[in-house]
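**Q** Have a look at this one before I ask anything.
Derivation of every value follows stated rules applied to the coordinates shown; laboratory data play no part. All figures in this text were calculated on a predicted structure; none of them were measured in a lab. Quick reminder, even Gly has a Cβ in these numbers, built from the backbone with ideal geometry, and neighbours come from all protein chains shown.
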Amino acid sequence: MPEAPNIAREIVLGTGMSVSTDAYSVSRACATSFQAVANVAESIISGSVSIGIAGARIPLRSWPIGVSKRLARTLVDVNKARTLSQRLALFSKLKFRDLLPVPPAVAEYSTGLRMGDTAEQMAKTHGISASSRTNWRTVPTR
């Protein structure tokens, strides 16, 4: 699977489609696949395109792992240092905990809720039962 800022363009080029084929990527947290399908549907309805392909990739295995603020600052300073001794002096100020990776936040910043929690809350708000959600999920697409 391509790793690129515009993954849609890379996929078009990688599949051998014409280089003149329009392609763009969308990013909408957990709703990327829904947004992609909605965009294609809107384009078909408006007559801009006669056919379209929508897809989504949620790379949970390749989420970026962050570094501590101290390590990030040190790396910037090390890049500016002129000598090896200056670089070593900067690294020597770090503590072991500064070197530990900072895992990505699983919760949304604005709500503090995880993806599944948000879905449950939305279902409760709109009175959608668990069986209704399961039935909808198993309807074959055409």
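**Q** Under 14 Å from the Cβ of V26, count the other residues' Cβ atoms, weight Lys and Arg +1, Asp and Glu -1, and hand me the total.
**A** Combined, the nearby Lys, Arg, Asp and Glu give +1.
**Q** Also: Evaluate the distance, in nm, between pseudo-label points positioned 7 Å from the Cα of I65 and of S85 along their respective Cα→Cβ axes.
**A** 3.5
**Q** Additional query: Measure nothing but the geometry: give the 0 to 90° angle between the long axis through the Cα atoms of 69-80 and the longest principal axis through the Cα atoms of the chain, rounded to 10°.
**A** It is inclined by approximately 60 degrees.
**Q** So how tilted is helix 115-125 from the main axis of the chain? Cα-based, degrees 0 to 90, rounded to 10.
**A** Value to nearest ten degrees: 40.
**Q** So if each residue of separation counts as 0.36 nm, and I subtract the Cα-Cα distance between L13 and I51, what length gain in nm does that give? Walk me through the numbers before you get to the answer.
**A** Numbers: separation 38, 0.36 × 38 = 13.68 nm, distance 1.78 nm.
Contour length minus the Cα-Cα distance gives 11.9 nm.
**Q** Can you tell me the alpha carbon radius of gyration of the range 7-62 divided by the globular rule-of-thumb value 2.2 N^0.38 Å?
**A** 1.19
**Q** Right, here's the next one. Evaluate Rg over Rh across the chain, taking Cα atoms for both radii and Kirkwood's formula for Rh.
**A** Computed over Cα atoms, the ratio is 1.13.
**Q** Something else about it: Tell me the label-point distance for the pair T125, V102, using the 7 Å Cα-to-Cβ offset, in nm and rounded to one decimal.
**A** It works out to 2.9 nm between the two label points.
**Q** Given charges of +1 on the Cβ of Lys and Arg and -1 on the Cβ of Asp and Glu, with all other atoms neutral, how large is the dipole of the chain about its Cα centre, in debye to the nearest 20?
**A** 800
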